[in-house]
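Here's the structure, in structure tokens; my notes come after.
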Amino acid sequence: MSKKNKVADTDDFGGFRAGFSVLVGRPNAGKSTLTNALVGKKVAITSAKPQTTRHTIRGIVHRDDAQLILVDTPGLHRPRTLLGKRLNDLVADTLAEVDAIGFCLPANEKIGPGDKFIAAQLAAVGRKPVVAIVTKADLVDKQALTEQLLAVAALGREVMGEDGWKDIVPVSATDGFQVETVADVLISHMPPSPPLYPDGELTDEPEAVMVAELIREAALEGVRDELPHSLAVVVEEIVPREDRPEDNPLLDVRVNLYVERPSQKAIIIGKGGSRLREVGTNARKGIEALLGTRVYLDLHVKVAKDWQRDPKQLVKLGF
């Protein structure tokens, strides 16, 4: 994760701070939703299904006196497949390179073995500042939130020593409660630095990756539990339609959706292609907003048998 300007050891930048922070947590802990709330625009896909995020998405928070680059990662978990191991390796590589870590724990779920597993991983990282972020605060009452904050503090002392986490912040990304406070706290742990990205840039993810994630999000809505782990989306090309008037351009976006079994292909396509058309309609709105022009979305569903366990297929699908 290379920074675009060398960071000085002393404050040579008029008080300006800039750096990278990673949000970690078990799957479905609210990391992507919080990333989007902090940035103010959708840069990471969200889903009620766990393990939705597959790529590190950088969202950039711009302030007059700071710039915070958020790295959204797959949820840390005990891997069951080669894909799961590679996703965990991706998180470990990211942890080693950031300036601060935000550990997301949902307010509405008791601390469990998964949270303790991640906490132990974070303790092993070394001297990086770790901020505990208690997400989904809107889903519990004040007493339950207080109890969760105390439990999170106790976990911090258990794994990090008597000083515990650097900070603990409750937040609700859906209603905006303390979103700015989370940004303030993470920025306080960033080093003195000039801006690392141009003003107004919200992410450095390639457009094709963003398009694929929007389609994957649409395809995950309302499907069976096993499908999120078995669905990969590859954008084959994004090309301008020829012979279109300059004031009414159209982009042709050709995309393949890969599943592991024919039965999953049937789920994605739906009766008479109804579900695939719905996926295209829902995804197109976000893609047109992202690309700033009308698009024709050409979706095809293919079977790549057991691709999560096949090294060659993982590489082909971008993992």
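Worth pointing out:
- Amide H to amide H, with H built 1.01 Å from N, residue 66 comes under 5 Å of 17, counting only residues 5 or more places away or on other chains.
- If R0 is 35 Å, the Cβ-Cβ spacing of residue 261 and residue 174 corresponds to a FRET efficiency of close to 0.55.
- For the range 253-264, 3J(HN,Hα) computed residue by residue from phi via the Karplus equation (6.51, -1.76, 1.60; θ = phi - 60°) reads 10, 9, 9, 10, 9, 10, 10, 9, 9, x, 5, 6 Hz, glycine and proline entered as x.
- Alpha-carbon geometry of the range 121-166: the Rg and the Dmax are 11.9, 35 Å, given in that order.
- Mean separation of Cα contacts under 8 Å, 6 or more apart, over the residue count of the range 207-316: relative contact order %: 30
- Under 5 Å, built H, 5+ apart or other chain: amide partners of residue 169: 132, 133, 134
- Each residue of the range 236-241 was assigned a 3J(HN,Hα) from its phi angle through the Karplus curve 6.51 cos²θ - 1.76 cosθ + 1.60 (θ = phi - 60°); the sequence is 6, 6, 10, 10, x, 5 Hz, with glycine and proline shown as x.
- Principal axis dimensions, largest first and in whole angstrom, of the range 255-319 by Cα: 37, 28, 13
- Size descriptors for the range 207-316, from the alpha-carbon set: Rg then Dmax equal 14.5, 47 Å.
Just so you know, all these numbers are worked out from the coordinates, no wet-lab data involved. Please read all numbers here as calculations on a predicted model, not as lab measurements. For neighbour counting, all protein chains shown are included, and Cβ atoms are generated from backbone atoms with ideal geometry for every residue, glycine included.
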